Amino acid sequence: MGAAKPSTGRPLDIKRGRVDLSHGGGGRAMAQLIRELFAAAFANEYLAQGNDGALLPPPGGRLVLATDAHVVSPLFFPGGDIGCLAVHGTVNDVAVMGAKPLWLTASFILEEGFPLADLARIVASMAEASRQAGVPVVAGDTKVVERNKGDGVFIATAGVGVMPGGLLLSGDRARPGDAMVLSGSIADHGMAILSCREHLSFDAPIVSDTAALHGLIAAMLDSGAALRCLRDPTRGGLATTLNEIAAQSGVGMLLEEAAIPVKPAVAAACEFLGLDPLYAANEGKLVAICASEDAGRLLQAMRCHPLGRDAAIIGAVRQDPRRFVQMKTRLGGMRMVDWLTGEQLPRIC
Amino acid sequence: MKYVDEFRDGALARTIAANIFRAARPDREYRFMEFCGGHTHAIFRYGVTGLLPVRVRMIHGPGCPVCVLPIGRIDLAIGLALERDVLLCSYGDMLRVPASGGRSLLQAKARGADVRMVYSVADALGLARRHPDRQVVFFAIGFETTTPPTAVAVLQAAAEQLGNFSVLCNHVLTPAAMHAILSQPGGAAIDGFVGPAHVSTVIGSAPYEPFPRDYGKPVVIAGFEPLDVMQAILLLLRQVNEGRAEVENEFVRAVTRHGNRKAQALMENVFELRPDFEWRGLGTLPNSALRLRPRYAAFDAEARFGLEARPVADHKACECAAILRGVKRPQDCKIFGSACTPDNPVGSCMVSSEGACAAHYSYGRFADREAATA
């Protein structure tokens, strides 16, 4: 997605225009779309090089590389859209490794007929998210598929980050006795998406939590707490993430239901639809496993950051060769929090 | 959350649990059947079992709509979707139940059939309005709770003369299944029922009165919240201890003796009794299910497409039938948790979270192995 060749004629009609096949054809129309829409929004020195790839300076450490495709439906939802989601999703995947996110790439798959005005909104939101995160989009690609062969727009992003020396966060490092700390309320994103899907005719003041977590994570690393593992519980929710860590580390977990924050409107929506918030997606939350003696200071550091204000210790890792995640319910009983079965909701992110 | 948290309160649960411990005599076992899958789900999801004395055993009943539907009926829906090019809608869990050859509606969808998950029959009606060129069939399942909405949809379709909407009706009746449980050969080894919550809001408490009278079994109607279930268990214990057998209503905030007459009138208007109907686990039961009345035949998918269900045997190793009758527990089935899991269910009870096997697998199996290894 470079600075592109010169083109003649009128500027893009962003207000009324639509994506057509020529926008992915490699010719002047594509160059114009890239120049007037993408390059203008994402403007940075690497993108301005205008070559097939971005030439980047040596990052000075071990690299983390992550990639994430975004197919969310609807494209615009309360609290965000596919554009900012595509930035946050990949920034978070890099950040939960403990790395400082440096650069992103973005691939757009556009459907013929998609309004340029919507595309411009999405790109603007993506550029704003990238600016706020301080992680520029340094390379990109655009493809167009025929009408009915896509669903408006899909965005795949990849991110590169650099690791501080010596740090190792990994899902296989949880040990019995470790504490589990959650950065805030769960299920906001999943229920926000659900509340605006037309066939549910469900209306609630629920806003997606989509956010870039690397600032919070930097504060957590600075706290000096002995972190074993960080994960952002996206698709499949907190339950799925904890089961993944339990399986990787060969441990069990015991959660305290009363300690897990769920906003009242989100809880009500879950109740209404018969969904369990533990399995609903988040896009701006993380769960940390840390040495139990450091949990207090980690929690304090998290609560000082706007994205960790509602952080809470939600349970502990324990020995269990069966690798079960269990939960003490508010009622005082015990249940399992098993892997998600099937698909709770398609196209959540 | 107001009006919900009150019924999930830990302190109240401890009080009721203490009363249950006091009431349960140490010299005997109590076996109560929660009829509804909604109760089964609540018991597991909130961990109620762990708050009960071991001598109070909960037997999971057949009140799970997708569990009791026999394979032959699901085959009808799959056939319609795959071979007749209809737009077939049903509730989410129904799509995953394996039918003949292990096929499900979800697999039919992957093979190109137009199968849609809907949250309500009104959504199916909406699809019919939006797709006048397609035949839209609503695969209607459920007990008396989901029946009145289906009746409303049929009446709306009739009023709008929606010629492309029909219902493949599988609505079944709760009291018929309770009779079947109690009149099993050798009798049912249960001491009483936790009676349905939502079903009872529709039919009222009166239809359960034959069970104490004719079989000597108490029925306590309870809401779907965990404290409702615990309170109902306490009331059942007291009835058994005192040698009483009555219908008691714990769910007074929603259930009256005669139920929702308007809903009953809707059902009466649209549906009539089938002479008999096959249930998974319970066999063919007379007067246990509904079909559309002849005056609404135009909206009856069975009439429109000339369908007839054929009985199909369950998977040989599957114990769903015995589990639905309350004779076996999920963990007694040889394939529970091995060949049959929620991701790859063999039997219907492993599909819905209201099914005894799925609920036990997803929420409760930690206790089996703890018991086994203790």
Expressed as a percent, the portion of alpha-carbon pairs in the protein assembly as shown spaced more than 50 Å apart is 22 percent
Correct response: the longest run of chain A lacking exposed GluC sites (Glu not before Pro), defined by DSSP loop and at most 12 other Cβ within 10 Å, is A:147-342
Percent relative contact order for the stretch A:237-349, counting Cα pairs under 8 Å at least six residues apart, stands at 46 percent
Note on the stretch B:1-84: alpha-carbon gyration tensor, axes a ≥ b ≥ c; rule is a/c under 1.5 for rounded, else prolate if a/b larger than b/c, else oblate; result oblate
Quick calc, B:D214 & B:A122: beta-carbon distance into FRET formula, R0 45 Å, rounding 0.05, result 0.70
So A:A218 and A:R303, fully extended at 0.36 nm per residue minus their Cα-Cα distance, gain in nm 29.3 nm
Averaged over all viewing directions, the convex hull of the alpha carbons in the stretch B:262-304 casts a projected area in nm² of 3.6 nm²
Under the rule rounded for a/c under 1.5, else prolate if a/b exceeds b/c, else oblate, using alpha carbon gyration tensor axes a ≥ b ≥ c, the stretch B:153-192 is classed as prolate
If every Lys and Arg gets +1 and every Asp and Glu gets -1 at its Cβ, then about the Cα centre chain A yields a dipole, in debye to the nearest 20, of 340 debye
Shielding of B:6-12 by other chains, given as the mean Cβ count within 10 Å, works out to 3
Checked chain B against the a/c 1.5 cut and the a/b vs b/c comparison, axes a ≥ b ≥ c from its Cα gyration tensor; verdict prolate
D (µm²/s, integer) via Stokes-Einstein for the stretch B:145-244, Kirkwood Rh across alpha-carbon pairs, 4 °C, 1.567 mPa s: value 82 µm²/s
With the label point 7 Å along the Cα-to-beta-carbon line of A:D310 and a cut-off under 15 Å to each amide N, the hits in the stretch A:269-292 are A:269-271, A:277-287
Computed from the beta carbon distance with a Förster radius of 25 Å, FRET efficiency for B:Y3 and A:L273 to the nearest 0.05 stands at 0.90
Here, A:L167 and A:A258, labelled 7 Å along Cα→Cβ, have an inter-label distance in nm of 3.5 nm
Trypsin sites (Lys or Arg not before Pro) in the stretch A:112-162 lying in a DSSP loop, each with at most 14 other Cβ atoms within 10 Å of its Cβ, come to A:R147, A:K149
Rounded to whole angstrom, the alpha-carbon centroid of the stretch B:208-247 lies from that of the stretch A:60-126 at a distance of 56 Å
Here the relative contact order (percent) of chain B, from C-alpha pairs under 8 Å and at least 6 apart, is 22 percent
If N is the residue count of chain A, its Cα Rg over 2.2 N^0.38 Å rounds to 1.05
With the label point 7 Å along the Cα-to-beta-carbon line of B:T256 and a cut-off under 20 Å to each amide N, the hits in the stretch B:201-218 are B:201-209
Once the in-chain neighbours fewer than 8 apart are removed, the lysines whose Cα is under 24 Å from A:K15 read A:K5, A:K143, A:K149
Per residue convex hull volume, Cα only, the stretch A:21-163, in Å³ is 100 Å³
Beyond 19 Å, the calculated P(r) of the stretch B:208-317 holds a percent of Cα-Cα pairs equal to 66 percent
antiparallel share of DSSP beta bridges within chain A, to nearest 5, in %, is 75 percent
To the nearest 20 debye, the protein assembly as shown has a Cα-centred charge dipole, built from +1 on Lys and Arg Cβ and -1 on Asp and Glu Cβ, of 420 debye
So the FRET efficiency between B:R28 and B:K316, C-beta based with R0 = 35 Å and rounded to 0.05, is 0.45
Largest-first semi-axes in Å of the equivalent ellipsoid built from the Cα gyration tensor of the stretch B:1-143 are 42, 19, 10
Computed curve, the stretch A:1-88, Cα-only Debye sum without solvent term, log₁₀ I(q)/I(0) at 0.16, 0.18, 0.22 Å⁻¹, is -0.89, -1.05, -1.24
Within the stretch A:301-349, DSSP-loop trypsin sites (Lys or Arg not before Pro) with at most 16 other C-beta atoms within 10 Å are A:R309, A:R322, A:R323, A:R347
Expressed as a whole-number percentage, the relative contact order of chain A with C-alpha contacts under 8 angstrom and at least six residues apart is 21 percent
The stretch B:16-94 and the stretch A:253-271 have their Cα centres apart by a whole-number Å value of 24 Å
Partner shielding of A:237-248, taken as the mean number of other chain Cβ atoms within 10 Å, equals 0
The extension gain from A:S73 to A:A291, computed as 0.36 nm times the residue separation minus the Cα-Cα distance, is 74.6 nm
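Only the coordinates and a few stated rules stand behind these numbers; no lab work does. This one's a predicted model, so the numbers in the text were calculated from it and none came from an experiment. Please note: Cβ atoms are built from the backbone with ideal geometry, for glycine as well, and neighbour counts cover all protein chains shown.
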